[in-house]
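One structure is given below, encoded as structure tokens.
The values are calculated or read from the model by the stated rules, or taken from the named source; none is laboratory data. As the structure is a computational prediction, the values presented were derived from the model and not from experiment. In this analysis, Cβ positions are derived from the backbone assuming ideal geometry, glycine residues included, and neighbour counts consider all displayed protein chains. For the accessible areas, the whole protein counts, side chains as well, though only heavy atoms, and no ligand, DNA or RNA atoms are used. Shrake-Rupley method; radii C 1.70, N 1.55, O 1.52, S 1.80 Å.
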Amino acid sequence: MSKLLTSAVRRHLSALRMLLLLTVVTGIVYPLAVTGVAQAAFSDRANGSEVKQNGHVVGSSLLGQSFNLPKKNPDNPDEVAKPDPKWFQPRPSAGGYDPLASGASNLGPNNPDLVKSIKDLRKAVAAFDGVDPASVPADALTSSGSGLDPDISPAYAYEQVNRVAKARGLTADAVHKLVADHVVNRDLGFLGAKRVNVLDLNRALAKLR
């Protein structure tokens, strides 16, 4: 009986030592090593690809954000913020550009609520940008799978040129060139689609005179 007890104790002690060893290796050493390599070699990406201006973080190059006018009553949760005509606008977001609520609407293409919202949004975008509703690109009406896509299509960016130029007192040609300069080609020349990062474009727009 004593031998069986001694054997069981040894097995439990061995298991405990292995648990402590793995806890130190996988819970302390490995995370510190990965964090150290990430900070040393990819500090920008490891810290969220933050975009800074005048020493302040203004966003992330990987996350979409809104460019709205200030609310008349910030304490009113029912007040809907209106887009600022002086800025290029991003794709819609099902989660209000909240990284903690990342996701799509999960509505199917034939869902009547989705169909109605797209029709209503098409009219609103067309009126806001001063264009024909038929010319509004698809990415101006639908959110991405994450709801946080930082990019828009060149077509949607060019559609907004006249509205932005008028709101800022700039020439349409100058704003059009700014968009053209910020069009990013497909990765490796064939992956994905051409795109425009809205935050980068708006930062450059703020410097345009």
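Okay, here's what the table says:
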| item | result |
| --- | --- |
| Residues within segment 44-68 that are open to solvent by 60 Å² or more (accessible area, probe 1.4 Å), part of a strand (DSSP E or B) and modelled with pLDDT of 80 or more, tallied | 2 |
| Unmet criterion (only one of (1) among the polar types (S, T, N, Q); (2) closer than 16 Å to L121 by Cβ; (3) open to solvent by 40 Å² or more (accessible area, probe 1.4 Å)) for N162 | (2) |
| Test set (1) in a loop (DSSP other than H, G, I, E, B); (2) touching a residue at least 12 places away in the same chain (Cβ under 8 Å) - A167 fails condition number | (1) |
| Residue tally, condition farther than 19 Å from F67 by Cα, open to solvent by less than 50 Å² (accessible area, probe 1.4 Å) and part of a helix (DSSP H, G or I), over segment 91-145 | 2 |
| Test: residue in segment 180-196 that is surrounded by 13 or more Cβ atoms within 10 Å (Cβ to Cβ), touching a residue at least 12 places away in the same chain (Cβ under 8 Å) and in contact with a Phe, Trp or Tyr (Cβ under 6 Å, 6 or more places away or on another chain) | no |
| Residue in segment 145-154 that is farther than 23 Å from A193 by Cα and among the aliphatic types (A, V, I, L, M) present | no |
| Any hit, segment 76-96, residues being modelled with pLDDT under 95, among the hydroxyl-bearing types (S, T, Y), under 20 Å from the mean Cα position of the chain (by Cα) and within 25 Å of K207 (Cβ to Cβ) | no |
| Among (1) more than 19 Å from G59 (Cα to Cα); (2) open to solvent by less than 60 Å² (accessible area, probe 1.4 Å), the one test that A204 misses | (1) |
| Sole exception among (1) open to solvent by less than 90 Å² (accessible area, probe 1.4 Å); (2) not in a helix (DSSP H, G or I) for D78, by number | (1) |
| Unmet requirement for D151, which otherwise passes all of (1) open to solvent by less than 40 Å² (accessible area, probe 1.4 Å); (2) more than 17 Å from the chain's Cα centre (by Cα) | (2) |
